[in-house]
Every structure is written in structure tokens, then in C-alpha cells.
Amino acid sequence: MKVAIIMGSASDWGVMKAAVDTLKSFGVEVDLIVASAHRTPQRVHDFVKNSDAQIFIAAAGMAAHLAGVVASLTVKPVIGVPINSEPFKGLDSLLSTVQMPGGVPVATMAVNGAKNAALFAVEVLALQDGELSKKLISYREKMAAEVELNDKRLKEGSL
Ligand code: RP5
């Protein structure tokens, strides 16, 4: 099981590191590349066409066409992560990523939603991997237990 992460720029790494860390915590292999839909279109094309990953995560800011371009090149699932960027605080990236024409979907996450992009990818992979599915269930259980623990601490005044 492998997920490919394409970043439009090395400047997206600060956000996207969370996706790599999350995927690795589930034992999922990651292919990581910087390739821009605008600055290096041929590199994007060649990477997508030659990748043996099951899912792509594409992260870009500003006129964020990367995820859409990746989706145009493959029928594998593509998850888009709009990156928060100046001067429009990621709204430009969000709209550029989410507003795909009918026929070429991109599963768009929240602005800077790197962690959820990784979790969504794991959920898709888990459809065919019982061990991954168990890990996701235990991840959710741990998260719920932390909420209850924090609630308890809040009431005890030890938060
Ligand atoms: C996008 O433009 C990149 O994904 C990045 O979020 C943004 C700015 O890129 P740099 O000018 O920092 O390389 O293509």
C-alpha cells in the first residue's frame, strides 16, 4: 500500500509534514515529490503516469491547480489539500482545488488539512486491508478517550 504526496512547492512542506507523519504512523509507504502544475507540468505528468501508488495527495497554494491536473492524469483517487497562502489566506487555494468540473473529482480537504488527507487516504486503503481498518478503529477510540480524559481534567481543575 502506497500513497503519493505531490507538493506544488517546497514551501508547502511545513504543512504537509503532518500527512507524511500520519501515513507513516499507520505503516503506509509514502512517495514524496515537489512538482508544480505551472512551473514543472511535465514533471507532474511523468510522476503521475509512472507512479505505483494507490492514491494521490496533491497540495498547493494560491492558483492551486495541482490536484485537478493530477486528477486529469489518473483514475486513481486524488485528495486535494489547499495550502494557506497570502494574500487570500487559502480561500484562493480552496476554491481552485474544490471547484472541479464534473467528471474529474478531487476529494478536497480543509485549508491546510494535511492530517485529514492522510487519514482519508488510509480509510480508502483500509477498504481492502483489515489490519489498517483495525488501526483506524483504535485511532478513533484513542481520540475519544483523550476527549473524555480532558473533560475529566477540566472538571477536576487540572487541565
Ligand atoms: C503554489 O504556490 C505552491 O503550492 C505554494 O503553495 C505557492 C507558493 O509557492 P512558492 O512561491 O513558495 O514556491 O504553487
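The values are calculated or read from the model by the stated rules, or taken from the named source; none is laboratory data. In this text the structure is predicted, and so the values were computed from the model without any measurement. We place every Cβ from the backbone using ideal geometry, glycine too, and count neighbours over all the protein chains shown.
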Item to check | Residues of the stretch 60-85 satisfying the condition of being within 15 Å of N116 (Cβ to Cβ) and without any contact (Cβ under 8 Å) to a residue 60 or more places away in the chain | outcome: A67, P77, V78, I79, G80, P82
Item to check | Selection count, the stretch 1-31, where residues are hydroxyl-bearing (S, T, Y), touching a Ser or Thr at 6+ places or on another chain (Cβ under 8 Å) and surrounded by 20 or more Cβ atoms within 10 Å (Cβ to Cβ) | outcome: 0
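Name every residue in the stretch 49-69 that is within 16 Å of the ligand (Cβ to nearest atom) and of a type outside the set (G, A, S), in order of residue number.
As a first pass, look at the stretch 49-69 and keep what is within 16 Å of the ligand (Cβ to nearest atom): 56-69.
Residues satisfying the conditions are F56, I57, M62, H65, L66, V69.
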Checklist entry - Out of all the residues in the stretch 85-106, is one or more touching a Leu at 6+ places or on another chain (Cβ under 7 Å) and of a type outside the set (S, T, Y)? => result no
Checklist entry - Does the stretch 48-59 contain at least one residue that is without any contact (Cβ under 8 Å) to a residue 12 or more places away in the chain and in the same structural domain as A10 (by TED's automatic domain parsing)? => result yes
Next on the checklist: Just checking, does the stretch 128-137 include any residue being away from the ligand (no atom under 15 Å from the Cβ) and either farther than 18 Å from F26 by Cα or not in a helix (DSSP H, G or I) (or both)?
Outcome noted: yes
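Step by step: first the residues of the stretch 2-19, then only those that are within 16 Å of the ligand (Cβ to nearest atom) and of a type in the set (V, I, T), then the one that is nearest to the chain's Cα centre (by Cα). Which residue is that? Quick ask: steps written out before the conclusion?
Initial filter on the stretch 2-19 (within 16 Å of the ligand (Cβ to nearest atom)): 4-19.
Remaining after also requiring of a type in the set (V, I, T): 5-6, 15.
Numbers: I5: 7, I6: 9, V15: 10 Å.
Ranking the qualifying residues of the stretch 2-19, first place goes to I5.
Yes/no per residue for (1) assigned by TED's automatic domain parsing to the domain that holds G8; (2) of a type outside the set (S, T, N, Q); (3) under 19 Å from K2 (Cβ atoms); (4) out of contact with any Phe, Trp or Tyr (no Cβ under 7 Å at 6 or more places or on another chain):
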residue: L95; (1), (2), (3), (4): yes, yes, no, yes
residue: K115; (1), (2), (3), (4): yes, yes, yes, yes
residue: L149; (1), (2), (3), (4): no, yes, no, yes
residue: S158; (1), (2), (3), (4): no, no, no, yes
